[in-house]
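First comes the structure, then the notes that go with it.
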Amino acid sequence: MQGLLVLLLGASAAADPFVMLMKSISREQGVYAESIDVQLRVFNKGDSPAYAVSLEDGDWPASHFELVKGPKERVIAELEQNSSFTHTFTVRPTFAGVHTLSAATLTYSATAKGATLSYASNVPPALPIISRAEKYLNVALAIGRVLSLNFVRTLRGWVSVAAFWSSVFGLIALYKLNVKRQDWKYERAVKEMEKMK
């Protein structure tokens, strides 16, 4: 009798939808005023459809992000068994700093008029958002690392290199100026000797 009860419970559990939500961001690092795509993927790995599937990502406040494309929420009437659905929207940061991300939320019903169930997505890592000047500096440093065969890797290293070469060229310029000055003194002395004759 217990085996039959377990089998019946397993059969009813297997007939339910098993819905999951995954949140992903198109960049590991955002740049001020450059678009970032946010993707919400819903999976129904269960043996029956999920109804009134509602997605919402309240992670992008209007004070820090401009919504560029698509809504931050989506409702679909039915998600078939063993299927998935992807919702993508685009935001643009209006600040530079670190944005701590949170989970997106999903609600659904196991039956057409059943109780609403909730699920939270994964939480992506914090999203650093840099200014455009920092972006161009990072690009220049990357190019510099390649050109220096990875010898100079940081801004401080490049400042040291620039200081060294400035000193070298400055010393060369001083040496040339000193040589020129000696030539002028010699020419003046020769002219004065010619006048004495």
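Results for (1) within 21 Å of the chain's Cα centre (by Cα); (2) exposed (fewer than 13 other Cβ atoms within 10 Å of the Cβ); (3) under 30 Å from ALA50 (Cβ atoms), shown as yes or no for each residue.
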residue	(1), (2), (3)
ALA104	yes, no, yes
LYS113	no, yes, yes
VAL123	yes, no, yes
VAL152	no, no, no
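With the condition kept exactly as written, say whether any residue in segment 151-167 is over 24 Å from ILE25 (Cβ atoms), part of a loop (DSSP other than H, G, I, E, B) and out of contact with any helix residue (DSSP H, G or I) (no Cβ under 6 Å at 6 or more places or on another chain). Walk me through how you get there before you give the answer.
Keep residues of segment 151-167 that are over 24 Å from ILE25 (Cβ atoms), which gives 151-167.
Going one step further and asking which of them are part of a loop (DSSP other than H, G, I, E, B), we end up with 151-154.
Narrowing further to those that are out of contact with any helix residue (DSSP H, G or I) (no Cβ under 6 Å at 6 or more places or on another chain): 151, 154.
Yes, segment 151-167 contains at least one residue that is over 24 Å from ILE25 (Cβ atoms), part of a loop (DSSP other than H, G, I, E, B) and out of contact with any helix residue (DSSP H, G or I) (no Cβ under 6 Å at 6 or more places or on another chain).
In segment 53-69, is there at least one residue being closer than 18 Å to VAL19 by Cβ, open to solvent by less than 80 Å² (accessible area, probe 1.4 Å) and in contact with a Pro (Cβ under 7 Å, 6 or more places away or on another chain)? Walk me through how you get there before you give the answer.
Looking only at segment 53-69, we keep the residues that are closer than 18 Å to VAL19 by Cβ, and these are 53-57.
Still in the list and also open to solvent by less than 80 Å² (accessible area, probe 1.4 Å): 53-55, 57.
Then keep just the ones that are in contact with a Pro (Cβ under 7 Å, 6 or more places away or on another chain); that gives none.
Scanning segment 53-69 turns up no residue that is closer than 18 Å to VAL19 by Cβ, open to solvent by less than 80 Å² (accessible area, probe 1.4 Å) and in contact with a Pro (Cβ under 7 Å, 6 or more places away or on another chain).
Which one is surrounded by the fewest Cβ atoms within 10 Å (Cβ to Cβ) among residues in segment 12-28 that are over 24 Å from the mean Cα position of the chain (by Cα) and not hydrophobic (A, V, I, L, M, F, W, C)? Before you say what the answer is, go through the steps one by one.
Start the filter on segment 12-28 by keeping residues that are over 24 Å from the mean Cα position of the chain (by Cα), which leaves 12-20.
From the residues that got through so far, the ones that are not hydrophobic (A, V, I, L, M, F, W, C) too are 12, 16-17.
Working: SER12: 9, ASP16: 16, PRO17: 23.
Among them, the one singled out is SER12.
For segment 102-121, how many residues are among the small types (Gly, Ala, Ser), free of Cβ contacts under 8 Å to residues at least 60 places away in the same chain and under 18 Å from PRO71 (Cα atoms)?
Number satisfying all stated conditions: 1.
Would you mind finding the one in VAL42, VAL31 that is surrounded by 15 or more Cβ atoms within 10 Å (Cβ to Cβ), farther than 30 Å from THR116 by Cβ and touching a residue at least 60 places away in the same chain (Cβ under 8 Å)? Please lay out each step first, then the result.
Working: VAL42 fails: farther than 30 Å from THR116 by Cβ.
Unique residue meeting the criteria: VAL31.
Just checking, how many residues over segment 84-101 are among the hydroxyl-bearing types (Ser, Thr, Tyr), in a strand (DSSP E or B) and either free of Cβ contacts under 8 Å to residues at least 40 places away in the same chain or loosely packed, with under 13 Cβ neighbours inside 10 Å (or both)? Working first, answer last.
Step one: filter segment 84-101 for residues among the hydroxyl-bearing types (Ser, Thr, Tyr), giving 84, 86, 88, 90, 94, 100.
Filter once more, so that each one left must be in a strand (DSSP E or B): 84, 86, 88, 90.
Applying the additional criterion that residues be either free of Cβ contacts under 8 Å to residues at least 40 places away in the same chain or loosely packed, with under 13 Cβ neighbours inside 10 Å (or both) yields 86.
Residues flagged as among the hydroxyl-bearing types (Ser, Thr, Tyr), in a strand (DSSP E or B) and either free of Cβ contacts under 8 Å to residues at least 40 places away in the same chain or loosely packed, with under 13 Cβ neighbours inside 10 Å (or both) within segment 84-101 amount to 1.
Taking ARG132 and the conditions (1) farther than 16 Å from TYR32 by Cβ; (2) in contact (Cβ under 8 Å) with a residue 40 or more places away in the chain; (3) surrounded by fewer than 15 Cβ atoms within 10 Å (Cβ to Cβ), which numbered condition does it fall short on, given that it satisfies the others?
(1)
The values are calculated or read from the model by the stated rules, or taken from the named source; none is laboratory data. All values reported here derive from a predicted model rather than from experimental measurement. FYI the Cβ positions are ideal-geometry reconstructions off the backbone, even for glycines, and counts take in every protein chain you see. Accessible surface is based on the protein model in full, side chains and every heavy atom, while ligands, DNA and RNA are left aside. Shrake-Rupley method; radii C 1.70, N 1.55, O 1.52, S 1.80 Å.
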